[in-house]
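Some notes on the structure that comes next.
Every number in this text was worked out from the coordinates using simple rules, so none of it is lab data. Not measured: the values here are computed from a predicted model. So basically every Cβ, Gly included, is an ideal-geometry build from the backbone, and we count neighbours across all protein chains shown.
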Amino acid sequence: MVKLIDPLGSTEARGRIGGTVYNTWRGISYARVKVTPANPNTAARLAARALAKLCTKRWQTISDLQRSWWNDYAVEHVLSDWRGKPKRISGFNWFMKANFNRVALSLAIVDTPPVDPAPGALATLSAVTSGNAIAISWTLPPGYPVSSQSLDIWLSYPMSSGRQPKIEDCKRLAFSPAEAGSYSTPAVVPASYGIFARVIHETDGLASPWRLVKHTREAITFDEVGPSYPTLGVSLAPIIFPWSDPEYICDLDTNYASCEVPEGEATDFLFGSHFDFSPPAFCSILGVLARIYVSDCPAGSFEAQLFDSTGPIGNPMISILPALSDEWISFGSSSDKWGAALTGPILAQDAFGIRFSYIPFDPGDSICSIDAFELTGYYST
């Protein structure tokens with residue numbers, strides 16, 4: 001913005017010439033570049049426009065008498081904003097407000113104004129961190145009927161702790177039955193949030209004043225499950241070069257599973273599962289570290305692949321290694337999810353595990369001996 005003295009040779013200039021807008025603010029003349037407002041056609045905005053268009057079209061089709069009823073209702077009633085301050089709106093705006101809420105709740109449009117008073121504001125609204133989500137709870141005013149009432153819950157974008165959230169900073173999170181008394185948000189990043197909630201009367205679409213609670217989702221903490229050995233080891237098809245004693249990979253001891261395989265051929269899969277992982281219910285998996293203890297193996301290629309109840313998940317890990325004896329081979333890391341959409345419930349499956357195969361590079365038949373598998377899962381809450 002540029003401040004002006006005698007804009008365009010006059011005492012004051014207002015309006016637009018080309019791409020420049022002239023105006024006066026508190027006695028100061030200024031000029032600025034014309035800016036076209038952004039119009040992001042998001043799914044939520046398009047849905048809201050469709051609801052508004054539907055309600056507007058209905059207003060145009062109801063009778064003059066019905067419109068007069070809404071105008072009379074507007075004279076007799078005021079609306080409270082989110083701060084509790086009253087303001088007066090037109091009959092058309094009351095019609096739009098009530099029916100916009102009903103249509104959003106998948107209810108039919110009503111043509112006549114409400115008979116019952118608007119719902120009262122929530123008696124309490126609170127929020128606590130629950131894993132990586134926010135658990136919201138509320139209570140209705142004493143003696144308030146909960147039938148045919150829904151709670152309209154809105155959540156702000158992540159903001160600094162010192163900012164006062166406004167409803168304009170939020171988007172609708174969910175409609176929840178008023179009698180439920182609680183609702184858990186999807187996972188949110190560590191930050192401060194504003195949570196607005198109001199009661200909507202389903203029969204006529206009237207809404208209570210907003211109630212606000214501010215909450216800070218604490219920083220993520222890190223932990224791990226494991227390291228753990230499998231409790232089930234098996235040799236899987238194609239049964240060409242099978243592993244002997246696959247159950248020996250279930251512990252680090254003097255026993256081992258072994259396989260004899262010609263140069264350039266691949267062993268059968270040596271599979272370990274049932275790691276007995278118990279990650280928290282609300283957690284984000286950050287990575288999985290797999291380790292294999294090699295008792296004796298000539299130089300070759302080693303491949304590891306994670307599994308769950310559906311079969312292979314994510315990408316295989318391949319390592320080209322020299323001859324090894326009494327060493328751990330590592331695949332993945334605390335921040336590597338192997339290209340899989342890993343979750344706590346997946347790690348907790350009995351079927352979750354890892355399979356391993358080996359291809360020797362040395363001429364002739366090679367014997368590879370594996371003493372143990374080990375998995376560690378890393379998560380945040």
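Below, the figures for the structure above:
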{"item": "In region 46-101, the trypsin sites (Lys or Arg not before Pro) that fall in loop regions by DSSP, at most 16 other Cβ within 10 Å", "result": "Arg83, Arg88"}
{"item": "Cleavage-rule hits (trypsin sites (Lys or Arg not before Pro)) in region 98-205: DSSP loop, at most 15 neighbouring Cβ within 10 angstrom", "result": "Arg163, Lys166"}
{"item": "Aspartates and glutamates with Cα under 20 Å of Lys53, excluding same-chain neighbours fewer than 8 positions away", "result": "Asp64, Asp111, Asp204"}
{"item": "Distance from region 193-207 to region 299-377 (C-alpha centre basis), Å", "result": "52"}
{"item": "Cα gyration tensor, the chain - rounded (a/c under 1.5), prolate or oblate", "result": "prolate"}
{"item": "Degrees between helix 91-104 axis and first principal axis of the chain (Cα, 0 to 90, nearest 10)", "result": "20"}
{"item": "Farthest toward positive dipole pole in the chain [+1 Lys/Arg, -1 Asp/Glu at C-beta], among Ser161, Leu375, Leu46", "result": "Leu46"}
{"item": "Extended-chain gain in nm, criterion 0.36 nm per residue less alpha-carbon gap, Gln60 and Thr112", "result": "17.4 nm"}
{"item": "Rounded tilt (10° steps) of 43-61 against the dominant C-alpha axis of the chain", "result": "30"}
{"item": "Label point distance in nm, Ala191-Asn41, each placed 7 Å from Cα along Cα→Cβ", "result": "2.7"}
{"item": "Links that overshoot a 21 Å alpha carbon limit, given the list Lys57/Lys85; Lys87/Lys166; Lys166/Lys214; Lys87/Lys171; Lys171/Lys214", "result": "Lys57/Lys85; Lys87/Lys171"}
{"item": "Partnerless cysteines, meaning none of the other Cys C-beta atoms lie under 4.7 Å away, in the chain", "result": "Cys55, Cys170, Cys250, Cys259, Cys283"}
{"item": "Two-site FRET efficiency, Lys34 against Lys97, from Cβ-Cβ distance with R₀ of 35 Å, rounded to 0.05", "result": "0.60"}
{"item": "Inter-label distance, nm, simple model (7 Å from Cα along the C-beta direction), Arg172/Ser184", "result": "2.4"}
{"item": "C-alpha long axis of helix 64-76 to longest principal axis of the chain, angle in °", "result": "90"}
{"item": "Lys/Arg +1, Asp/Glu -1 at C-beta; the chain dipole; positive extreme among Ala187, Ser366, Ser208", "result": "Ser208"}
{"item": "In sequence order, calculated HN-Hα J values of region 245-260 (Karplus, 6.51, -1.76, 1.60; Hz; x Gly/Pro)", "result": "6, x, 5, 6, 7, 8, 6, 8, 8, 8, 8, 7, 8, 9, 8, 9"}
